[in-house]
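Notes follow the structure.
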Amino acid sequence: MIIAGNFKANHTFATCEAYLAEFASYIDESNADDIYIFPPFTALQAPLDKRIRIGAQNGYPAEKGSYTGEICLEQLSALGIDTILIGHSERRHIIKETQEFIARKFEFFKRNNFTIFYCVGEPIEVRQKGLESVLRYIDDQLENIDLEYPNLIVAYEPVWAIGTGISASLDDIEETHKALREKIAAPLLYGGSVNAANAEGIFASPFVDGVLVGNFSLKADEFSKLLKLSTVRG
Ligand code: 13P
């Protein structure tokens, strides 16, 4: 299983440093295949334990230059970062990133061999129309995305399950992942209100290769419970 924590705009450099030190102490008991943490830019730092991989929550698709407020390849590479989240629903819906821009970002970081966590997921009004509508919506989010890219990890994160405390049901997760599996060979993660209570069921599903976790990842002792509950996929 891939276990990934997305801190979003939470934690400072200092609290993240303390987090990573504490989190490292739980790793010997982990059953996860791969562990990723995505801190905010101001907390990007090398982990004490190399088994924790650090990724960026975002990046501007340029080597460097006049992009006020953005972080480019040069800054990420200098920190040893080669993993990035692209297409997260908060960037699609709050920051208003378009599919065209997201695809450009994807191409840029693909060209630079980054491991790309590519996020897709539908809003509630689309889910209410049923699976076919969901798949059509996700298809649009896959436009101009190279699904054959070897360093690709896809995260299915239904917007209505993110930060709400209400995870998608295992049935919803499985039917969606099963359908996505027909066109995506890359690992498929689920994200949306994952916690220690619902993770075991999610990990047991043959259609799920891991989880991308927001709120529940913010405390090292809590998040570490998922490391134990995880199963080895190899
Ligand atoms: P929550 O786990 O807080 O629902 O967030 C999920 C998410 O958006 C991870 O990228």
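The values are calculated or read from the model by the stated rules, or taken from the named source; none is laboratory data. Model, not experiment: these values are computed from the prediction. As a convention, Cβ positions derive from the backbone with ideal geometry for all residues, glycine included, and neighbour counts pool all protein chains shown. Please note that ligands, DNA and RNA were not included when accessible areas were found on the heavy atoms of the full protein model with its side chains. Shrake-Rupley method; radii C 1.70, N 1.55, O 1.52, S 1.80 Å.
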Item to check | Scan of region 191-234 for residues that are within 18 Å of E175 (Cα to Cα) and part of a helix (DSSP H, G or I), ordered by number | outcome: N198, A199, E200, G201, I202, F203, A204
Checklist outcome for this item: In region 164-194, anything out of contact with any Leu (no Cβ under 8 Å at 6 or more places or on another chain) and either farther than 17 Å from A4 by Cα or surrounded by fewer than 18 Cβ atoms within 10 Å (Cβ to Cβ) (or both) is listed as T164, G165, I166, A168, S169, L170, D171, D172, I173, E174, K178, E182
Checklist entry - Tell me, which residue of region 62-77 that is of a type in the set (D, E, K, R) and out of contact with any helix residue (DSSP H, G or I) (no Cβ under 7 Å at 6 or more places or on another chain) is nearest to A43 (Cα to Cα)? => result E70
Checklist entry - For region 75-88, what are the residues that are surrounded by fewer than 22 Cβ atoms within 10 Å (Cβ to Cβ) and within 16 Å of the ligand (Cβ to nearest atom)? => result T83
Next on the checklist: Where the second residue is surrounded by 20 or more Cβ atoms within 10 Å (Cβ to Cβ) and hydroxyl-bearing (S, T, Y) and the first is without any contact (Cβ under 8 Å) to a residue 12 or more places away in the chain and lies in region 177-203, which pairs have Cβ atoms under 6 Å and are six or more apart or on separate chains?
Outcome noted: none
Checklist entry - Condition test on P40, is it out of contact with any Pro (no Cβ under 9 Å at 6 or more places or on another chain), under 18 Å from A4 (Cα atoms) and modelled with pLDDT of 95 or more? => result yes
Checklist outcome for this item: Selection from region 210-234 of residues within 19 Å of N10 (Cβ to Cβ), of a type outside the set (A, V, I, L, M) and touching a strand residue (DSSP E or B) at 6+ places or on another chain (Cβ under 9 Å) yields G214, F216, S217, F223
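Residue-by-condition table, conditions (1) over 26 Å from A103 (Cα atoms); (2) within 16 Å of the ligand (Cβ to nearest atom):
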| position | (1), (2) |
| --- | --- |
| K129 | yes, no |
| D139 | no, no |
| N151 | no, no |
| R181 | no, no |
| G201 | yes, yes |
| F207 | no, no |
| V213 | no, yes |
| F223 | yes, yes |
| K228 | yes, no |
Checklist outcome for this item: Note: among A62, A103, A43, just one is open to solvent by less than 60 Å² (accessible area, probe 1.4 Å), within 23 Å of N151 (Cβ to Cβ) and in contact with a Cys (Cβ under 7 Å, 6 or more places away or on another chain), namely A62
Checklist outcome for this item: When region 93-109 is checked residue by residue, the ones that are among the basic types (K, R) and either in a strand (DSSP E or B) or farther than 17 Å from Q75 by Cα (or both) are K96, R104
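Taking the conditions exactly as written (open to solvent by 10 Å² or more (accessible area, probe 1.4 Å), under 18 Å from L73 (Cβ atoms), within 18 Å of the chain's Cα centre (by Cα) and not small (G, A, S)), does T115 satisfy them or not?
Yes: the conditions hold for T115.
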